Amino acid sequence: MGKTDQLFMEASYYIPGGVNSPVRACLFVGERPRFIQKSKGAYLWDIEGQKYIDYIGSFGPMILGHNNEIIREAVKKAAEEGLSYGGTTKREVDMARLMCTLIPHLDMVRMVNSGTEAVMSAVRTARGYTGRNKILKFTGCYHGHSDNLLVEAGSGIMTAGLPSSAGVPKGCVQDTISIPYNDLEGAKKAFALYPEEIACVLVEPVAANMGVVLPKEGFLEGLRNLCTKEGALLIFDEVITGFRLSIEGGAGYFQIEPDLSTYGKIIGGGMPIGAYGGRRDIMEWVAPLGPVYQAGTLSGNPIAMAAGIAQLTLLKEDVSFYEKLEKKTNNFFEKVKKMAKEKEIPIQINHIGSIGSIFFTKNKVTDYEGACTSNREVYADYYKYMLDNGIYLPPSPFEAMFFSKAHGEEELLKTWEILEAYFFKRWELVWKDIR
């Protein structure tokens, strides 16, 4: 029995499923998790000493690559002064100013400790500000694990929300409406059915938790106009897209101005962090200025602030950063498309900016239903083959691939070579067995 098997047995005894976040368990692909020892640039090393080219990037924040020297030094310097104070620091002000300077629609921002906390707090703020209770969200968009957002859609767009997790009472989700992503007409019908009851529309500008699913032309603009017309707030969940699609996130990429936005992951350079913010008149409803209560002892943690300031400053200073990274990502996926076409492999590739997904299906993927047509057996085989050959991919087709500045020509060429070997040598055997 190797180190990985031994450690997983011990982990499973002390931790539910042996992991602290379900996707890490790799159950979807029939694997045991690799235990990561260290990281640098585009690479990870596990406890067995195996080296991988990483396309997860801690699920998004490592846009500059792992263990960036400038960010690491900022963390070390901050740690020498103390890990937490329970009091306000200058770094919190510097971080808030930096975010509000970089993102035009942010007048004020509140730091929290995770994306889940950021979205939960933004929704509460929207309810307090509007005096309404209902939330409109989209099936397949994940907004954290707070009770009122763990909802699955029923049959038809207006069916009452049902909990999608044990331990969530029906009462917690009775005011949550879930409709298909990209369904602007469904959103209009929801407002018609519940006039002056919907507090906010909560949406990922680019869905990235059912795999990457792009917004159809006019979808985000339509939601903006609908919210303005109906007196509801538009909340962009930018936990994935914030500072990932552009320096202004999805809002800047698509030139849509939401009322509130939520952030996480990337604004901490790898440290646990989250934030929500938006218009001043809305954010002034947050305690201690207003009646919407939200608090957190470790919010604005000095170490996380130091990492975040360093990361965002580096992104700000490189004016061509996002253009170069998007070009690299586009080239990667276009080459994969060409390989698949040569072998007539039924795949759909959705990508934008520096994120993307490969779906093993002949169907276009524009919503959760389409994402679910991706062949799970093929994805599991593909994942195992790539992992065995040193390529670390998302352990589920419902997660995105993330590219970083550290992915250079050497890493991309090696990945293409292994993909080509899979498509041209392994694919026919796998597909024959499945058929």
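With respect to the conditions (1) farther than 24 Å from Gly30 by Cβ; (2) open to solvent by 20 Å² or more (accessible area, probe 1.4 Å), Arg376 lacks only one, and its number is (1). Taken as a whole, the structure places Tyr276 among residues that are aromatic (Phe, Trp, Tyr), at pLDDT 95 or above, surrounded by 22 or more Cβ atoms within 10 Å (Cβ to Cβ) and under 30 Å from Glu317 (Cα atoms). Out of curiosity, is Arg72 assigned to a loop (DSSP other than H, G, I, E, B), basic (Lys, Arg), open to solvent by 50 Å² or more (accessible area, probe 1.4 Å) and under 30 Å from Met386 (Cα atoms)? Judged against the criteria, Arg72 is not a match.
Taken over segment 327-347, residues that are open to solvent by 10 Å² or more (accessible area, probe 1.4 Å) and in contact with a strand residue (DSSP E or B) (Cβ under 8 Å, 6 or more places away or on another chain) amount to 3.
Does segment 292-311 contain at least one residue that is assigned to a helix (DSSP H, G or I) and closer than 23 Å to Gly408 by Cα? Show your work before the answer.
Filtering segment 292-311 for residues assigned to a helix (DSSP H, G or I) gives 302-311.
Within this subset, residues satisfying the condition of being closer than 23 Å to Gly408 by Cα are 310-311.
Yes - at least one qualifying residue is present in segment 292-311.
Taking each residue of segment 304-317 that is under 10 Å from Leu98 (Cα atoms) and open to solvent by 10 Å² or more (accessible area, probe 1.4 Å) and looking for partners that are modelled with pLDDT under 95 and not β-branched (Val, Ile, Thr) with beta-carbon atoms closer than 9 Å, six or more apart or interchain, yields Ile309/Gly269.
Residues of segment 14-42 that are open to solvent by less than 40 Å² (accessible area, probe 1.4 Å) and either assigned to a strand (DSSP E or B) or among the aromatic types (Phe, Trp, Tyr) (or both): Ser39, Gly41.
In segment 16-36, what residues are among the β-branched types (Val, Ile, Thr) and modelled with pLDDT of 95 or more? Write out each step before concluding.
To start, the set of residues in segment 16-36 that are among the β-branched types (Val, Ile, Thr) comprises 19, 23, 29, 36.
Within segment 16-36, Ile36 is the sole residue that qualifies.
Please pick out the residue among Asn350, Asn363 that is farther than 29 Å from Ser39 by Cα and modelled with pLDDT of 90 or more.
On the way: Asn350 fails: farther than 29 Å from Ser39 by Cα.
None of the others qualify; the one that does is Asn363.
Residues in segment 222-242 that are farther than 13 Å from Asp259 by Cα and either free of Cβ contacts under 8 Å to residues at least 40 places away in the same chain or open to solvent by less than 10 Å² (accessible area, probe 1.4 Å) (or both): Gly222, Lys229, Glu230, Thr241, Gly242. So which residues in segment 379-423 are touching a residue at least 12 places away in the same chain (Cβ under 8 Å), open to solvent by 10 Å² or more (accessible area, probe 1.4 Å) and farther than 25 Å from Thr241 by Cβ, if there are any at all? Answer for segment 379-423, where residues must be touching a residue at least 12 places away in the same chain (Cβ under 8 Å), open to solvent by 10 Å² or more (accessible area, probe 1.4 Å) and farther than 25 Å from Thr241 by Cβ: Ala380, Asp381, Lys384, Tyr385, Asn389, Lys414, Trp416, Ile418, Glu420, Ala421. Quick one: is Tyr368 of a type in the set (Phe, Trp, Tyr) and more than 30 Å from Glu48 (Cα to Cα)? Considered against the rule, which asks whether it is of a type in the set (Phe, Trp, Tyr) and more than 30 Å from Glu48 (Cα to Cα), Tyr368 comes out as yes.
How many residues are in contact with a helix residue (DSSP H, G or I) (Cβ under 8 Å, 6 or more places away or on another chain) and charged (D, E, K, R) when one looks only at segment 74-115? Total satisfying the criteria: 7. Every condition in (1) open to solvent by 30 Å² or more (accessible area, probe 1.4 Å); (2) modelled with pLDDT under 95 holds for Thr4 except the one numbered (1). Within the span defined as segment 190-201, one or more residues are out of contact with any Gly (no Cβ under 9 Å at 6 or more places or on another chain), surrounded by 17 or more Cβ atoms within 10 Å (Cβ to Cβ) and within 17 Å of Ser261 (Cα to Cα). Whenever a residue of segment 207-221 is touching a residue at least 60 places away in the same chain (Cβ under 8 Å), its partners that are assigned to a helix (DSSP H, G or I) and surrounded by 16 or more Cβ atoms within 10 Å (Cβ to Cβ), lying with C-beta atoms within less than 6 angstrom and at least six residues away or across chains, give the pairs Met210/Tyr368; Met210/Ala371; Gly211/Ala371. Scanning segment 418-435 for residues that are more than 14 Å from Asp388 (Cβ to Cβ) and either of a type in the set (Phe, Trp, Tyr) or modelled with pLDDT of 85 or more (or both) yields Glu420, Phe423, Phe424, Trp427, Trp431. Among the residues in segment 124-141, are any modelled with pLDDT under 95, surrounded by fewer than 19 Cβ atoms within 10 Å (Cβ to Cβ), of a type outside the set (S, T, N, Q) and more than 21 Å from the chain's Cα centre (by Cα)? So far as segment 124-141 goes, no, none of its residues is modelled with pLDDT under 95, surrounded by fewer than 19 Cβ atoms within 10 Å (Cβ to Cβ), of a type outside the set (S, T, N, Q) and more than 21 Å from the chain's Cα centre (by Cα). Any residue that is touching a Pro at 6+ places or on another chain (Cβ under 9 Å) and among the acidic types (Asp, Glu) - is there at least one of those in segment 223-235? Yes, the conditions are met somewhere in segment 223-235. Based on this model, can you work out whether Arg97 counts as touching a strand residue (DSSP E or B) at 6+ places or on another chain (Cβ under 6 Å), modelled with pLDDT of 95 or more, open to solvent by 40 Å² or more (accessible area, probe 1.4 Å) and charged (D, E, K, R)? It is false that Arg97 is touching a strand residue (DSSP E or B) at 6+ places or on another chain (Cβ under 6 Å), modelled with pLDDT of 95 or more, open to solvent by 40 Å² or more (accessible area, probe 1.4 Å) and charged (D, E, K, R).
The values are calculated or read from the model by the stated rules, or taken from the named source; none is laboratory data. Because the structure is a prediction, the values reported are computed rather than measured. Note: ideal-geometry Cβ built from the backbone for every residue, glycine included; neighbour counts use all protein chains shown. Protein only, heavy atoms only, side chains kept; ligands, DNA and RNA dropped before computing areas. Shrake-Rupley method; radii C 1.70, N 1.55, O 1.52, S 1.80 Å.
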